[in-house]
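These notes concern the structure reproduced below.
The values are calculated or read from the model by the stated rules, or taken from the named source; none is laboratory data. Keep in mind that what you see is a predicted model, and the values were worked out from it rather than measured. Note: ideal-geometry Cβ built from the backbone for every residue, glycine included; neighbour counts use all protein chains shown. Please note that ligands, DNA and RNA were not included when accessible areas were found on the heavy atoms of the full protein model with its side chains. Shrake-Rupley method; radii C 1.70, N 1.55, O 1.52, S 1.80 Å.
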Amino acid sequence: MDRMDERFPNLEVLFSTGAGVDQFEITDIPPNIHLVRLIDPAIVDGMREYVTMAALLLQRQMIDYLWAKSRGCWQPLAPNMAADVTVGIMGFGVLGQAVLGALKPLGFRLRAWSRSLHDDDGVDCFAGANRLHDFASGCNIVVCLLPLTDATRGILDRRLFDAMPRGASLINVGRGGHLRENDLLAALEDAQLSGAVLDVFDEEPLPADHPFWTHERVVLTPHVASTTGHESGAAALIENIRRHQRGESMIGLVDRESGY
Ligand code: NDP
């Protein structure tokens, strides 16, 4: 295969048009070429809305009510108040922080897990692989907002689901590669988990015969949790090109070592 710097000898920067860079094989990009992800207010706003919608859907037992509706069954459940529900965000980055900010005023108890330890008023913060299961053990809803890297691929697995309280649920808005899909199906089957809201999948579009399509405890959307805004995305890109021309650091510069 061509080396990128031989094919494009004047290339200085590779810009991702999305928040992630998992579409690139980072090791194939010569070290003199900067890799920059997109930090776009439209992506942030979309994710804030989507995760709020999904957390409320799960907390307000909508999966049970949709099931009851499909059977014409009028069945009030005991209320489940936000103040009694802990939402844990995997990833305390641009998107994780925006989502925490949106969930706070709704009264949820909040946790966050990341690589390095952060500090946020009203959020129980955890860091590092050795604290993942401690983090998960107190979460009624886990939200994956991690980048897909070698360290995070397959992180939503049976061990994580078993560490969560029985009947907890999952929101995956990271990448399909984070989730071991068969582990989720097994955890739903034996009621260790009670529901999942999924926006991203191993194979997209999700194959027509995939069991998620018909699963009563899975709500799914076709990778639309948030999308790049044409104008705001272009403005962010132009601002970074200007920064690069002035010799300043670009916003969203990817660290080769960590892969995000
Ligand atoms: P950021 O780079 O700003 O944040 C990433 C967060 O993940 C950081 O808090 C980082 O920890 C944490 N993290 C990374 N690796 C690990 C690890 N091995 N263990 C624990 N924590 C880790 O990313 P964004 O918030 O902007 O975006 C996150 C992801 O959301 C994107 O990469 C993309 O995959 C997904 N996304 C999905 C969309 C959709 O429509 N479904 C749309 C947009 C994004 P630390 O703080 O210590 O660095």
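Restricting the first member to the stretch 11-28 and to residues that are over 22 Å from His230 (Cα atoms), and the second to residues that are assigned to a loop (DSSP other than H, G, I, E, B) and open to solvent by 60 Å² or more (accessible area, probe 1.4 Å), the beta-carbon pairs closer than 7 Å and six or more apart or on different chains are Ile26/Arg256. Which one is least open to solvent (accessible area, probe 1.4 Å) among residues in the stretch 25-46 that are modelled with pLDDT under 95 and not aliphatic (A, V, I, L, M)? Selected residue: Pro30. Scan the stretch 184-203 and give yes if some residue there is modelled with pLDDT of 95 or more, under 19 Å from His223 (Cα atoms) and assigned to a helix (DSSP H, G or I), otherwise no. For the stretch 184-203, residues modelled with pLDDT of 95 or more, under 19 Å from His223 (Cα atoms) and assigned to a helix (DSSP H, G or I): present.
Would the stretch 195-212 turn up any residue that is among the small types (Gly, Ala, Ser) and open to solvent by less than 70 Å² (accessible area, probe 1.4 Å)? So that I can check it myself, show each step before the final result.
Going through the stretch 195-212, the residues among the small types (Gly, Ala, Ser) turn out to be 195-196, 208.
Now narrow it down to the ones that are open to solvent by less than 70 Å² (accessible area, probe 1.4 Å): 195-196.
So far as the stretch 195-212 goes, yes, one or more of its residues are among the small types (Gly, Ala, Ser) and open to solvent by less than 70 Å² (accessible area, probe 1.4 Å).
For the stretch 57-164, the helices (runs of 4 or more DSSP H) that sit wholly inside it and include 3 or more residues that are within 13 Å of the ligand (Cβ to nearest atom) are 94-103, 132-137.
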